[in-house]
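Scroll down for the structure; my scribbles are underneath it.
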Amino acid sequence: MPDEPAQKVAEKYCRERKCPSLLSELTKERPRLAATSIRVESPAIGIDLGFRVYKLDASNVRPWETSKETLVESLAAAVDHVKPDRSEDDLLYDMILKHGLELCSAVDEKQIGGHKVRSVGGGAVFACFGSRITASDVEQLADGIAKWRDELDPANPELSRVVFRDSAFETDVAKTNLALILKERGFDEKLVVSL
């Protein structure tokens, strides 16, 4: 049986802070209070005391639903199979989970050839989820990613993966050229994938 006095204290605590009376709100408050305490006790500590909160959502990929009557429309919609309301961050954290990385992995960001590229886990994965990559972009993009990987000097550079949004490529030739240039720069072609 739940502890009624403790529940009333928790409910009052949430009400005073104008947040929903949910266990998740209390759970988020604990690290906030701990961080405040650490900052007061050791103001010169100089470490990141923040935290991330994730909310589980449905897949970023549209389900394949078709019939004889809607086949043409379904095929056209499948060209970009990512749901239209999803952000690059949604795709990034989905990819982090699918590649077996921890959600607390460091994520750094650079502009390379006009595209936002992210490095996860100090160069374990590079991700570019922009919506348009043209044939003229690929060499600068591939060179920039390879240079960044070399700067980060990951423990196993030959295992660094590169992930792109498949529908972003202007043509199949642009996609193929990018993969080949990355292969020339030392990336394993099996580890250059599209989402």
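The values are calculated or read from the model by the stated rules, or taken from the named source; none is laboratory data. All values reported here derive from a predicted model rather than from experimental measurement. Backbone-built Cβ (ideal geometry, glycine too); neighbour counts: all protein chains shown.
Hey, residue 179 hits all of (1) out of contact with any Phe, Trp or Tyr (no Cβ under 9 Å at 6 or more places or on another chain); (2) without any contact (Cβ under 8 Å) to a residue 24 or more places away in the chain but one; which does it fall short on?
Of the numbered conditions (1) out of contact with any Phe, Trp or Tyr (no Cβ under 9 Å at 6 or more places or on another chain); (2) without any contact (Cβ under 8 Å) to a residue 24 or more places away in the chain, the odd one out for residue 179 is (1).
Considering only residues of segment 114-134 that are of a type in the set (A, V, I, L, M, F, W, C) and over 12 Å from the mean Cα position of the chain (by Cα), which is nearest to residue 149 (Cα to Cα)?
Among those that are of a type in the set (A, V, I, L, M, F, W, C) and over 12 Å from the mean Cα position of the chain (by Cα), it is 124.
Out of curiosity, is residue 131 out of contact with any Gly (no Cβ under 7 Å at 6 or more places or on another chain) and either in a helix (DSSP H, G or I) or not assigned by TED's automatic domain parsing to the domain that holds residue 111 (or both)?
Values: out of contact with any Gly (no Cβ under 7 Å at 6 or more places or on another chain): yes; either in a helix (DSSP H, G or I) or not assigned by TED's automatic domain parsing to the domain that holds residue 111 (or both): no.
No, not satisfied.
Given the conditions (1) at pLDDT 90 or above; (2) over 24 Å from residue 48 (Cα atoms), report the number of the one that residue 103 does not fulfil.
So the condition that residue 103 fails would be (2).
Report, by residue number, each residue of segment 1-25 that is part of a helix (DSSP H, G or I), exposed (fewer than 10 other Cβ atoms within 10 Å of the Cβ) and at pLDDT 85 or above.
16
Under 6 Å between Cβ atoms, which residue pairs at least 6 apart in sequence (or on different chains) link something in segment 23-48 that is small (Gly, Ala, Ser) with a partner that is at pLDDT 85 or above?
35/49
Among the candidates 28, 55, which residue alone is assigned to a loop (DSSP other than H, G, I, E, B), more than 27 Å from residue 171 (Cβ to Cβ) and charged (D, E, K, R)?
55
If you take the residues in segment 135-144 that are surrounded by 14 or more Cβ atoms within 10 Å (Cβ to Cβ) and more than 24 Å from residue 82 (Cα to Cα), which one is nearest to the chain's Cα centre (by Cα)? Working first, answer last.
We begin by selecting, within segment 135-144, every residue surrounded by 14 or more Cβ atoms within 10 Å (Cβ to Cβ); these are 135, 137-138, 140-144.
With the extra rule that they be more than 24 Å from residue 82 (Cα to Cα), the set shrinks to 140, 143-144.
Numbers: 140: 22, 143: 22, 144: 19 Å.
Ranking the candidates gives 144 first.
Confirm whether residue 105 is within 19 Å of the chain's Cα centre (by Cα) and in a loop (DSSP other than H, G, I, E, B).
yes
Can you pull out every residue in segment 68-86 that is more than 13 Å from residue 57 (Cα to Cα) and either part of a loop (DSSP other than H, G, I, E, B) or among the polar types (S, T, N, Q) (or both)?
68, 69, 70, 74, 78, 79, 80, 81, 84
Please go through segment 168-192 and give me each residue that is under 21 Å from residue 81 (Cα atoms), in contact with an Asp or Glu (Cβ under 9 Å, 6 or more places away or on another chain) and not in a helix (DSSP H, G or I), ordered by number.
170
With the requirement that a residue be surrounded by 18 or more Cβ atoms within 10 Å (Cβ to Cβ) and under 11 Å from residue 185 (Cα atoms), what does segment 145-173 give you?
Of everything in segment 145-173, those that are surrounded by 18 or more Cβ atoms within 10 Å (Cβ to Cβ) and under 11 Å from residue 185 (Cα atoms) turn out to be 145, 146, 149.
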